[in-house]
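Below is one structure; the comments refer to it alone.
Coordinate-derived values only; no laboratory data. Just so it is clear, the model here is predicted, and its values are computed rather than measured. When we count neighbours, we look across all protein chains shown, and the Cβ atoms used for this are built from the backbone with ideal geometry, even at glycine.
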């Protein structure tokens, strides 16, 4: 069974429309040794009751998995939330065979921690020390992870 986790959590508080920093990054540690497949993930916004909220999560909500070591990594830079409220982001991962790119099959999913989206300005969030180490590992592997200034 695959193990999908949120390697870098979004901020706990953010202003409406502000880009989420740190960016959401998920890591799938168990991947098939069969190289005939690739993975992609879709981010969806969940309301406080767990219901999918359409058209409020703004930005690129699909990420193709990148193999880093024995993991598949999904990055979601540039996301923002357009409406005040309390949300989570759910990441749904799909497995696709290279010989049948029209045949995506659901594989696994996970959720971020809660995010409070406020009308007022909030203090900028920083990644935890463990998240900073992981971001540095990805950058050293050539993966472009945005910084606060990008």
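Key figures
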| item | result |
| --- | --- |
| Whether segment 64-150 is rounded, prolate or oblate, judged on the alpha carbon gyration tensor where a/c under 1.5 counts as rounded | oblate |
| 126, 95 arranged by Cβ crowding within 10 Å, fewest neighbours leading | 126, 95 |
| Using distinct alpha-carbon pairs, which all enter the 1/r mean, Kirkwood radius of segment 91-139 in Å | 14.8 |
| Candidates 13, 54, 111: whichever shows maximal mean-square fluctuation once the chain is modelled as a Gaussian network with Cα springs under 10 Å | 54 |
| Å³ per residue enclosed by the Cα convex hull of the chain | 114 |
| Cβ-based exposure ranking for 129, 116, in which fewest neighbours within 10 Å come first | 129, 116 |
| Gain on full stretching of the segment that runs from residue 98 to residue 55 - 0.36 nm per residue minus C-alpha separation | 12.5 nm |
| Segment 78-113-segment 1-67 distance, computed between alpha-carbon centres (Å) | 5 |
| Quotient of C-alpha Rg and 2.2 N^0.38 Å, computed over segment 37-78 | 1.39 |
